[in-house]
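Have a look at the structure below before the remarks.
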Amino acid sequence: MPEPGAVPKGTQPEGARNEQEASRQVREMFTRIAPRYDLLNHLLSAQMDRLWRARTARELKPILNRPEALVLDLCCGTGDLALSLARHAKARILGADFSHSMLTRAQEKAGSANGATPLPLFEADALRLPVAEESLDLVTTAFGFRNLANYEEGLREVFRVLKRGGSLAILEFAEPAPGFLGDAYRFYTRKVLPTIGGWISGDKEAYAYLPKSVKRFFLPDELSALMVSVGYRPVRYRLMTLGSVALHIATKP
């Protein structure tokens with residue numbers, strides 16, 4: 001979490017001096033680790049990442065069951081959440097990411113899915129979406145919001161493209177409460193995860209970035225407060241897996 005009294009404005013990779021450099025470094029990092037990204041996600045989370053996405057899809061089922069609804073999975077990466085949403089949805093699902101390498105893998109996965117899952121994809125910066133105002137019924141993002149160069153601008157951009165009554169769902173890592181289990185989680189993410197991730201991916205720096213970015217990120221109540229300040233109401237969240245993951249769901253009134 002941020003230091004007491006400090007509010008994280010956006011992600012801050014080591015050495016980044018401004019938002020433009022932060023965005024560039026994050027894009028380059030995900031481009032480097034794209035070939036082993038899915039393998040490491042499933043391995044390092046002990047397959048829990050599949051469960052988190054499935055729970056998210058269930059929470060959003062009322063919107064996904066609407067044939068006329070248009071849904072954008074933002075920072076979609078290799079498409080895991082978008083494909084999970086599309087698998088049982090009547091709504092139209094789109095995916096967007098600023099890493100071309102990630103989108104290439106998402107397209108490959110969509111094409112190889114049983115019956116081939118239609119998944120229109122486009123390359124875009126989450127802070128400057130090529131999407132019309134009030135055109136989307138739902139925007140989702142799984143473990144990507146934390147990597148934005150400016151969190152408030154990201155929330156405002158999503159607010160812009162959502163229809164009135166539309167929803168935003170953010171699935172993101174969180175810092176568990178102090179205690180034995182929380183401390184064990186922190187030891188794993190800060191000591192074990194970077195070692196295994198760096199060894200398999202060949203990019204230790206990228207997997208050292210992950211726990212640092214989670215530590216700097218909002219606590220669930222803090223993210224909720226920022227969403228409310230931008231204009232979302234109501235805002236709710238649920239914690240999963242010992243409080244290490246939070247799903248925020250908010251509405252544009």
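So here's what we get for this one:
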| read-out | value |
| --- | --- |
| Within region 216-253, tally of residues that are part of a helix (DSSP H, G or I) and β-branched (Val, Ile, Thr) | 2 |
| Qualifying residue in region 176-191 (condition: in contact (Cβ under 8 Å) with a residue 12 or more places away in the chain, under 23 Å from residue 25 (Cβ atoms) and not small (Gly, Ala, Ser)) | yes |
| Identity of the residue in region 212-231, hydroxyl-bearing (Ser, Thr, Tyr) and surrounded by 16 or more Cβ atoms within 10 Å (Cβ to Cβ), that ends up nearest to residue 246 (Cα to Cα) | 224 |
| Single unsatisfied condition, residue 112 versus (1) at pLDDT below 95; (2) closer than 25 Å to residue 246 by Cα; (3) surrounded by fewer than 21 Cβ atoms within 10 Å (Cβ to Cβ); (4) small (Gly, Ala, Ser) | (2) |
| Positions within region 137-152 being touching a Lys or Arg at 6+ places or on another chain (Cβ under 9 Å) and over 20 Å from residue 207 (Cα atoms), in sequence order | 137, 150, 151, 152 |
| Subset of region 128-166 (residues that are surrounded by fewer than 19 Cβ atoms within 10 Å (Cβ to Cβ) and either of a type in the set (S, T, N, Q) or farther than 23 Å from residue 68 by Cβ (or both)) | 128, 135, 150, 152, 153, 156 |
| Residue tally, condition within 11 Å of residue 246 (Cβ to Cβ) and either of a type in the set (D, E, K, R) or assigned to a helix (DSSP H, G or I) (or both), over region 167-192 | 2 |
| Entirely in region 27-123, the strands (runs of 3 or more DSSP E) that have 2 or more residues that are free of Cβ contacts under 8 Å to residues at least 60 places away in the same chain and either touching a Phe, Trp or Tyr at 6+ places or on another chain (Cβ under 6 Å) or of a type outside the set (S, T, N, Q) (or both) | 92-97, 121-123 |
| Tabulated pairs, region 1-18, first closer than 14 Å to residue 219 by Cα and loosely packed, with under 15 Cβ neighbours inside 10 Å, second aliphatic (A, V, I, L, M) and modelled with pLDDT of 90 or more, C-beta under 9 angstrom, 6+ apart or interchain | 1/174; 1/219; 2/219; 7/226 |
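Every residue, every condition in (1) within 22 Å of residue 18 (Cα to Cα); (2) modelled with pLDDT under 85; (3) among the basic types (Lys, Arg), yes or no:
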{"residue": "117", "(1), (2), (3)": "no, yes, no"}
{"residue": "127", "(1), (2), (3)": "yes, no, no"}
{"residue": "148", "(1), (2), (3)": "yes, no, no"}
{"residue": "179", "(1), (2), (3)": "no, no, no"}
{"residue": "188", "(1), (2), (3)": "no, yes, no"}
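The values are calculated or read from the model by the stated rules, or taken from the named source; none is laboratory data. Note that the structure is predicted; figures quoted are calculated from it, not measured. Positions of Cβ are generated from backbone atoms using ideal geometry, with glycine treated the same way; all protein chains shown enter the neighbour counts.
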